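Quick notes on the structure that follows.
The values are calculated or read from the model by the stated rules, or taken from the named source; none is laboratory data. This structure is a prediction, so every number in the text was calculated from the model and none was measured. When we count neighbours, we look across all protein chains shown, and the Cβ atoms used for this are built from the backbone with ideal geometry, even at glycine. Quick note on the areas: whole protein, heavy atoms, side chains included, nothing else; ligands and nucleic acids left out. Shrake-Rupley method; radii C 1.70, N 1.55, O 1.52, S 1.80 Å.
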Amino acid sequence: MKQLIKIGFAHNENGHNDKGIGRGIAQYIRSKGRFQLIAWPDTSRESITFLKKQGCQGVIASIATTAQANQLYQLGIPIIAYSTVQNMGHLPFISSDSQRVAELAFEYLSGKQFKHYAFFGLTEARWSTERLTYFSDLVSQSGCQLHVFEGKPLRMAHNLPGFAKLWADTTMKQDQHDLMTWLEELPKPIGILVSCDILGCHLSQVATEIGLSIPDDIAILGIDNNESLCNICTPPLSSIALNLNKAGYDAAELLDRIISGKEQLQGQQIKIQTREVKERASTDILAIDDPDVLNALKYIRTHENEPLQVEDIAQHICISKRSLQMKFHHILKTSIHDAIVHAHFNLARQLILETDLSIEDIAIRSGFHYSSNMRRAFLDITGMLPQKYRQTHRGP
């Protein structure tokens, strides 16, 4: 029997990146059938040395700093880095396509008709500064100004224990008053791109503390689509989804070529492809100037769990039903009734995917009132009945 080639997968934490990249690595290994994967929950020099002694011919590892990358390079074993914060020197590394991320973010926010843009990121992270550079260029080309929060630099340890710790240290050592002042002074409404989801959650919390409305005053768009983070934000955070599985697959494929001598360690970048913007409530708004339409949309959103009538909305904002309908058709190219149905649908979809409530209970709680109304809406929007939608899209 031919001896299997041992590959190490060294990670610091079982986080969002680890899971996605790990799935891709496992997929490549299973497809080839000549590898053995050894998972190891530490990326120190001692651990990589141990994996080498155990017969691993290559390692894919979570590495944050340049110093750590240079140290591990000296061990003489092929290594591909991910979850990087600084440059990796000679080591190949997995990182997002920052240009495409910025393009997708700008396409999405400009499609929301924003005239003001901002960026909130992490000074110490290479990928954060790259995203800022590309996003800034796009905003400038559109003739708009980009407002950027300038954080205080943080000295990084030689062996950084992970991005989450870096973010926590930065947050605790920064003066939150500066961030609050920056948010208060931003022109409104404004679309804010944050360089990752965890910063989006933090920004959302700070904005709420000072009384800003999300998304009416500030709309926040994250990056990574870490669902466990996005869904605990209030309101849930919209985010750009990245194809981590493919990045893990591509990394394993490159490591295979390096082990076989077909390629050398040359600091190659394995780009994580963007997928789409997963829209949630943090950007569920159009930045339009008409106060009647804005107030109507806000009323619909805040009463999405109640049966709504067009007459009630028009009466609430003190405008005739006909005038409001004409404004919706002119500005949004849709009807008030369709806006109501979509608000009920979004709430119902969340309840279907995140709870075990019956279809009848969800119809009541989401404002459809009757399950027949909800079934009709799901068929029109998704082509599926609610129960089928739950079976198709709900995780195991």
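Matching residues to (1) in contact (Cβ under 8 Å) with a residue 60 or more places away in the chain; (2) touching a Lys or Arg at 6+ places or on another chain (Cβ under 6 Å):
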site: LEU72; (1), (2): no, no
site: ILE77; (1), (2): no, yes
site: TYR82; (1), (2): yes, no
site: PRO92; (1), (2): yes, no
site: ASP97; (1), (2): yes, yes
site: LEU104; (1), (2): yes, no
site: LYS115; (1), (2): yes, no
site: PHE120; (1), (2): yes, no
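When you check ARG322 against the structure, is it basic (Lys, Arg), assigned to a helix (DSSP H, G or I) and free of Cβ contacts under 8 Å to residues at least 40 places away in the same chain, yes or no? If you could, list the steps in order and put the result at the bottom.
Numbers: basic (Lys, Arg): yes; assigned to a helix (DSSP H, G or I): yes; free of Cβ contacts under 8 Å to residues at least 40 places away in the same chain: yes.
Yes; evaluated as a whole, the condition is true for this residue.
Give the range 247-281 a look and list any residue that's of a type in the set (Lys, Arg), surrounded by fewer than 20 Cβ atoms within 10 Å (Cβ to Cβ) and within 26 Å of the chain's Cα centre (by Cα), or say none. Write out each step before concluding.
The first filter runs over the range 247-281 and keeps only residues of a type in the set (Lys, Arg), leaving 257, 262, 271, 275, 278, 280.
Next, only the ones that are surrounded by fewer than 20 Cβ atoms within 10 Å (Cβ to Cβ) stay: 257, 262, 271, 275, 278.
Those that are of a type in the set (Lys, Arg), surrounded by fewer than 20 Cβ atoms within 10 Å (Cβ to Cβ) and within 26 Å of the chain's Cα centre (by Cα): LYS271, ARG275, LYS278.
Conditions first: (1) open to solvent by 20 Å² or more (accessible area, probe 1.4 Å); (2) modelled with pLDDT of 90 or more. ILE192 passes all but one, so which condition is the exception?
Condition not satisfied by ILE192: (1).
Residues to consider are SER83, SER142, SER128; find the one that is at positive phi and among the hydroxyl-bearing types (Ser, Thr, Tyr). Don't jump to the end; show me each part of the working.
Details: SER142 fails: at positive phi; SER128 fails: at positive phi.
Matching residue, one of SER83, SER142, SER128: SER83.
When you scan the range 326-370, how many residues do you find that are of a type in the set (Asp, Glu) and in contact (Cβ under 8 Å) with a residue 40 or more places away in the chain?
Here the count works out to 1.
Given the criteria surrounded by 17 or more Cβ atoms within 10 Å (Cβ to Cβ), at pLDDT 95 or above and acidic (Asp, Glu), does GLU124 qualify? Full working, then the answer.
Numbers: surrounded by 17 or more Cβ atoms within 10 Å (Cβ to Cβ): yes; at pLDDT 95 or above: no; acidic (Asp, Glu): yes.
The answer is no for GLU124.
Can you tell me which residue is farthest from TYR108 (Cα to Cα) among those in the range 195-227 that are hydroxyl-bearing (Ser, Thr, Tyr) and surrounded by 22 or more Cβ atoms within 10 Å (Cβ to Cβ)? Working first, answer last.
We begin by selecting, within the range 195-227, every residue hydroxyl-bearing (Ser, Thr, Tyr); these are 195, 204, 208, 213.
Restricting the remaining residues to those that are surrounded by 22 or more Cβ atoms within 10 Å (Cβ to Cβ) gives 195, 204.
Numbers: SER195: 15, SER204: 19 Å.
The qualifying residue farthest from TYR108 (Cα to Cα) is SER204.
Could you give every pair whose Cβ atoms fall below 9 Å, whose first residue belongs to the range 1-26 and is of a type in the set (Gly, Ala, Ser), and whose second residue is at pLDDT below 85 and open to solvent by 20 Å² or more (accessible area, probe 1.4 Å), counting only separations of at least 6 or pairs across chains?
GLY15/PHE163; GLY15/ALA164; GLY22/ASN14
Kindly indicate whether any position in the range 231-239 is out of contact with any helix residue (DSSP H, G or I) (no Cβ under 8 Å at 6 or more places or on another chain) and not in a helix (DSSP H, G or I).
No, the range 231-239 has no match at all.
Collect the residues in the range 87-106 that are part of a loop (DSSP other than H, G, I, E, B) and either under 20 Å from ARG257 (Cβ atoms) or at pLDDT below 90 (or both), keeping them in residue-number order.
If we filter the range 87-106 for residues that are part of a loop (DSSP other than H, G, I, E, B), which is where we start, we get 87-92, 97.
Correct list: MET88, GLY89, HIS90, LEU91, PRO92.
Output yes when any residue across the range 265-273 is assigned to a helix (DSSP H, G or I), modelled with pLDDT of 95 or more and in contact with a strand residue (DSSP E or B) (Cβ under 7 Å, 6 or more places away or on another chain), and no when none is. Explain how you work it out, then say what you get.
Here is the first cut: in the range 265-273, the ones assigned to a helix (DSSP H, G or I) are none.
The answer is no; no qualifying residue exists.
Can you work out which of the residues in the range 324-371 that are hydroxyl-bearing (Ser, Thr, Tyr) and surrounded by fewer than 16 Cβ atoms within 10 Å (Cβ to Cβ) is nearest to ASP312 (Cα to Cα)? Step through it out loud before you land on a result.
Filtering the range 324-371 down to residues hydroxyl-bearing (Ser, Thr, Tyr) leaves 334-335, 355, 358, 366, 370-371.
Applying the additional criterion that residues be surrounded by fewer than 16 Cβ atoms within 10 Å (Cβ to Cβ) yields 334-335, 355, 358, 370.
Details: THR334: 18, SER335: 15, THR355: 30, SER358: 29, TYR370: 19 Å.
Checking each candidate, the answer is SER335.
Taking the range 228-237 on its own, how many of its residues are in contact (Cβ under 8 Å) with a residue 40 or more places away in the chain and either closer than 18 Å to THR302 by Cα or surrounded by fewer than 19 Cβ atoms within 10 Å (Cβ to Cβ) (or both)?
Residues flagged as in contact (Cβ under 8 Å) with a residue 40 or more places away in the chain and either closer than 18 Å to THR302 by Cα or surrounded by fewer than 19 Cβ atoms within 10 Å (Cβ to Cβ) (or both) within the range 228-237 amount to 6.
Identify the single condition in (1) open to solvent by less than 30 Å² (accessible area, probe 1.4 Å); (2) modelled with pLDDT of 75 or more; (3) more than 24 Å from ASP217 (Cβ to Cβ) that LEU166 does not satisfy, given that it satisfies every other one.
(2) is the only condition that LEU166 fails.
Can you give me the number of residues within the range 280-312 that are touching a residue at least 24 places away in the same chain (Cβ under 8 Å) and either out of contact with any strand residue (DSSP E or B) (no Cβ under 9 Å at 6 or more places or on another chain) or part of a helix (DSSP H, G or I) (or both)? Write out each step before concluding.
Step one: filter the range 280-312 for residues touching a residue at least 24 places away in the same chain (Cβ under 8 Å), giving 280-288, 290, 292-294, 296-298, 300-301, 303-308, 310.
Checking the rest, the ones that are also either out of contact with any strand residue (DSSP E or B) (no Cβ under 9 Å at 6 or more places or on another chain) or part of a helix (DSSP H, G or I) (or both) come to 281-283, 286, 288, 290, 292-294, 296-298, 300-301, 303-308, 310.
The qualifying residues number 21.
For the structure I just gave you, tell me whether LEU109 is hydrophobic (A, V, I, L, M, F, W, C), surrounded by fewer than 23 Cβ atoms within 10 Å (Cβ to Cβ) and assigned to a helix (DSSP H, G or I). Reasoning before the result, please.
Numbers: hydrophobic (A, V, I, L, M, F, W, C): yes; surrounded by fewer than 23 Cβ atoms within 10 Å (Cβ to Cβ): no; assigned to a helix (DSSP H, G or I): yes.
For LEU109, the condition - hydrophobic (A, V, I, L, M, F, W, C), surrounded by fewer than 23 Cβ atoms within 10 Å (Cβ to Cβ) and assigned to a helix (DSSP H, G or I) - is not met.
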